[in-house]
């Protein structure tokens, strides 16, 4: 029994307790400070940049959409001008060229991108086209050219006033327009919408119109084309119970969507970012440069508009046709750091179009701040492996010294007594 001795424990002194308590408090404080530093740096390099990128892409899409809507709205202005003249009795005779000119001239004057207005009628085979001519070199003012395929075109409109071509009643746009509610078949309304639905619709796809101004500037030796979009509408003459109506098509040059650096935002969206304007099918109507929106089909060589998912870039494969069909915006982020924001245009009938903004993540980060965050993470984390290595070294030294003492202690010799 005397060979075993019960270990004795000594209570720490007051000074030792203060030292140990202070050391524990300092360790806890250090751990909290480290966690806060890491949280701040990770939040900046992660959530803060991502939120700023997404917010700018969304606000940029709305800004571009508001300006693009002003150009596309010119088609609605032409429709409203025709409908107002019809409903107010200012345009009652289909071939009243003067009344038609007076109704549309303010619309053309206020909207430079309004290219032409085509009119046809459901009770007669005549048609009328009102279009903008090239501005004069000296005055810069525009001239409206009224043309018709009626028998009195030469007498009433002069030598440039006659049309020849495909009968309007056999065109696709007339067949779409004649099915629209005129507003007076049932509810005798003259608003842009009725109980049977809106009295207008956008054409199913964009088209091309010749840019005569560019052709003149180059001596007429080239044929320059601009993309266009058409609004098809129908207005019923009062008192006819929907039996006599005018079906129209307002053509807008959407090439103007690239004007005034509307789509040039490389400073914010990045060198690999871009801004596009598309329709409800994802067709690219405007882009920078203009050639990036055209696709030459092989082997036929036929040119058509690109679809959004056919654009170059690692982000294009994430875009789907259904993203352009909703009335709410779509926001996605790719693994490569691109934010894709698709925002429909605001306004009556403008939901047919959307703005596509591709924002590159690197353009929303500050390189100096990123370097500072990386340095901060290194500085606050570096002491922990150093302290851990020191603790392991001290423990190893303690165990080595203890084993060394154990080896030196041997059994006591047995006396002969």
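Just so it is clear, none of the values below were taken in a lab; they were calculated from the coordinates. Quantities reported herein were computed from a predicted structural model and do not represent experimental measurements. Because the Cβ atoms are built from the backbone with ideal geometry, glycine has one as well, and the counts that use them run over all protein chains shown.
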Segment 47-179 - percent relative contact order, Cα under 8 Å, separation 6 or more: 15
Gained length - residue 143 relative to residue 298, 0.36 nm times residue gap less alpha-carbon distance: 51.7 nm
Peptides ranked, highest mean first, by Cβ atoms within 10 Å: ranges 326-336, 122-132, 44-54: 122-132, 44-54, 326-336
Theoretical FRET efficiency, 1/(1+(r/R0)^6), r = Cβ-Cβ of residue 403 and residue 23, R0 35 Å, to 0.05: 0.80
Peptides 314-320, 80-86 ordered by average Cβ neighbours within 10 Å, highest first: 80-86, 314-320
Segment 264-405: C-alpha gyration tensor shape, a/c 1.5 cut-off, then a/b vs b/c: prolate
Inter-part distance where segment 81-133 and segment 44-77 are each reduced to a Cα centre, Å: 35
Separation of the residue 172 and residue 39 label points, Cα + 7 Å toward Cβ, nm: 6.0
In nm, spacing of pseudo-spin labels at residue 160 and residue 381 (7 Å Cα→C-beta vector): 7.4
Spin-label model distance (nm) - residue 371 vs residue 224, 7 Å beyond Cα toward Cβ: 4.6
